[in-house]
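Enquirer: Just passing along the structure, written as structure tokens.
Just so it is clear, none of the values below were taken in a lab; they were calculated from the coordinates. In this text the structure is predicted, and so the values were computed from the model without any measurement. Glycine also receives a Cβ, built like all others from the backbone with ideal geometry; neighbour counts cover every protein chain displayed.
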Amino acid sequence: MAQVKTKDLAEDKSSSMLFKLLIFMVSDKGGTGKSTLTRAYVDILHARNIDYLAYDGDKRNSQLYRHYHNVGKSVNKLNFSIEGGADELIEAMDR
């Protein structure tokens, strides 16, 4: 399994290098651990004071949004099934 070294870049606020990491947790099947893994990842980012934006696209069971929408402006809902539903995600990546 490959290790990704993001700690050095994420913690070095003086670095002139700015990077954005886009991670999707996707599966058609329920019960695969998508929400659990995503919530754990958000907990780690939050605990380390690393800025992040998270989007919950699950229309039936928005666990990520339900648990974290009051934690700053970091978790938002997206509806990919409507035209323009992903526009907020695309605009956030451009900022």
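Enquirer: Which residues, taken from the range 51-95, are in a loop (DSSP other than H, G, I, E, B), surrounded by 13 or more Cβ atoms within 10 Å (Cβ to Cβ) and of a type in the set (S, T, Y)?
Expert: Those that are in a loop (DSSP other than H, G, I, E, B), surrounded by 13 or more Cβ atoms within 10 Å (Cβ to Cβ) and of a type in the set (S, T, Y): Y52, S62, S74.
Enquirer: For the range 45-71, what are the residues that are among the hydrophobic types (A, V, I, L, M, F, W, C), within 19 Å of I90 (Cα to Cα) and without any contact (Cβ under 8 Å) to a residue 24 or more places away in the chain? Walk me through it before giving the result.
Expert: Residues of the range 45-71 among the hydrophobic types (A, V, I, L, M, F, W, C): 45, 47, 50, 53-54, 64, 71.
Still in the list and also within 19 Å of I90 (Cα to Cα): 53-54.
Once the filter is applied, which keeps residues that are among the hydrophobic types (A, V, I, L, M, F, W, C), within 19 Å of I90 (Cα to Cα) and without any contact (Cβ under 8 Å) to a residue 24 or more places away in the chain, the range 45-71 yields only A54.
Enquirer: Another question, if that's okay. For the range 37-48, which positions are farther than 15 Å from F24 by Cα and either within 14 Å of the chain's Cα centre (by Cα) or surrounded by 12 or more Cβ atoms within 10 Å (Cβ to Cβ) (or both)? Give the steps one after another, and end with the answer.
Expert: Looking only at the range 37-48, we keep the residues that are farther than 15 Å from F24 by Cα, and these are 43-48.
The answer is D43, I44, L45, H46.
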